[in-house]
Amino acid sequence: MIIPFAEESGTAIYHLMTQTLIPRPVAWVLSKHAHGHFNLAPFSYFTAVSSKPPLIMFSVGDKAPGLGKDTKVNIDQEPYFVVHIASAAQATDVTESSRSLPAEESELTTANLVTVPFGDFPLPRLRDCKIAFGCKLHALQQIPGAPQTLVFGEVVQLYVDDSAVSVEERVKADGQRSKRVTISAEAIDPLARLGADQYGTLGTILTVPRPK
């Protein structure tokens, strides 16, 4: 089957893309409202962009023409936010946080989610997520011709649950020592987005050595 996108509506294209660009990681984004409470929302148009500087990016659609979603508005006003990687066990909470609420209400309250301090980062992190990226806004880029905005965040600090981390000390040929941090994907058990109402889990993990 070949589907010419020029003949499809925006809604149809969205469903086709989200069912074929699979699996997608989910950015579970905590941001701060101007009134001081926290908003939380999931975004699956999400990826890493660069390592130096360490940038990640997610795409936010508008609520309505000219009206940005709370996450974009919050980050534009308060340039710090936290991107969490949820586990498979949190699929229901992630879905619940996608519910449309007035900007003055917090998804953390409706879903009974708990936050804890994130070191010296200005915002807290979700207690029960095993990965959290503390980010500072790098750039907001409106996509010409589309009701979407790209949010680029520079990662200031990273939290990984100790249960998922191992540290290996290595000795180089010149005698210098270095440490290599390895993070267990199985311990994180990340939630992956598929199409419609579906999520995916890791399943079988393949290890294929890269060519030298």
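Filtering segment 125-152 down to residues that are in a loop (DSSP other than H, G, I, E, B) and under 13 Å from the mean Cα position of the chain (by Cα), which residue is surrounded by the most Cβ atoms within 10 Å (Cβ to Cβ)?
If we take residues in segment 125-152 being in a loop (DSSP other than H, G, I, E, B) and under 13 Å from the mean Cα position of the chain (by Cα), then K130 is surrounded by the most Cβ atoms within 10 Å (Cβ to Cβ).
Determine if segment 185-193 includes at least one residue that is part of a loop (DSSP other than H, G, I, E, B) and either in contact with a helix residue (DSSP H, G or I) (Cβ under 7 Å, 6 or more places away or on another chain) or exposed (fewer than 14 other Cβ atoms within 10 Å of the Cβ) (or both).
Taking every residue of segment 185-193 in turn, at least one turns out to be part of a loop (DSSP other than H, G, I, E, B) and either in contact with a helix residue (DSSP H, G or I) (Cβ under 7 Å, 6 or more places away or on another chain) or exposed (fewer than 14 other Cβ atoms within 10 Å of the Cβ) (or both).
What tally of residues in segment 159-178 results from selecting those that are touching a strand residue (DSSP E or B) at 6+ places or on another chain (Cβ under 9 Å) and of a type in the set (D, E)?
Result for segment 159-178: 3.
Could you check P122 against (1) in a loop (DSSP other than H, G, I, E, B); (2) free of Cβ contacts under 8 Å to residues at least 24 places away in the same chain; (3) within 28 Å of K52 (Cβ to Cβ); (4) not polar (S, T, N, Q) and say which number it fails?
Condition (2) is where P122 drops out.
Are any residues in segment 64-75 loosely packed, with under 15 Cβ neighbours inside 10 Å and either touching a strand residue (DSSP E or B) at 6+ places or on another chain (Cβ under 6 Å) or without any contact (Cβ under 8 Å) to a residue 12 or more places away in the chain (or both), and if so, which ones?
Across segment 64-75, the qualifying residues are A64, G66, L67.
Being surrounded by fewer than 19 Cβ atoms within 10 Å (Cβ to Cβ), under 15 Å from L126 (Cβ atoms), of a type in the set (G, A, S) and modelled with pLDDT of 90 or more narrows it down to one residue among A111, A89; which is it?
Testing whether each residue is surrounded by fewer than 19 Cβ atoms within 10 Å (Cβ to Cβ), under 15 Å from L126 (Cβ atoms), of a type in the set (G, A, S) and modelled with pLDDT of 90 or more leaves just A89.
Out of the residues in segment 43-60 that are touching a residue at least 12 places away in the same chain (Cβ under 8 Å) and over 20 Å from Q148 (Cα atoms), state the one that is surrounded by the fewest Cβ atoms within 10 Å (Cβ to Cβ).
Per the stated criteria, the residue is P53.
I'm trying to understand the selection: among the residues of segment 178-212, which are within 19 Å of A91 (Cα to Cα) and among the polar types (S, T, N, Q)?
Q198, T201
How about segment 16-42: which of its residues are buried (at least 22 other Cβ atoms within 10 Å of the Cβ) and either of a type outside the set (G, A, S) or farther than 18 Å from V73 by Cα (or both)?
Of everything in segment 16-42, those that are buried (at least 22 other Cβ atoms within 10 Å of the Cβ) and either of a type outside the set (G, A, S) or farther than 18 Å from V73 by Cα (or both) turn out to be V26, W28, V29, L30, N39, L40, P42.
The values are calculated or read from the model by the stated rules, or taken from the named source; none is laboratory data. These figures come from a predicted structure and were not determined experimentally. Cβ: placed from backbone, ideal geometry, glycine included. Neighbour counts: every protein chain shown.
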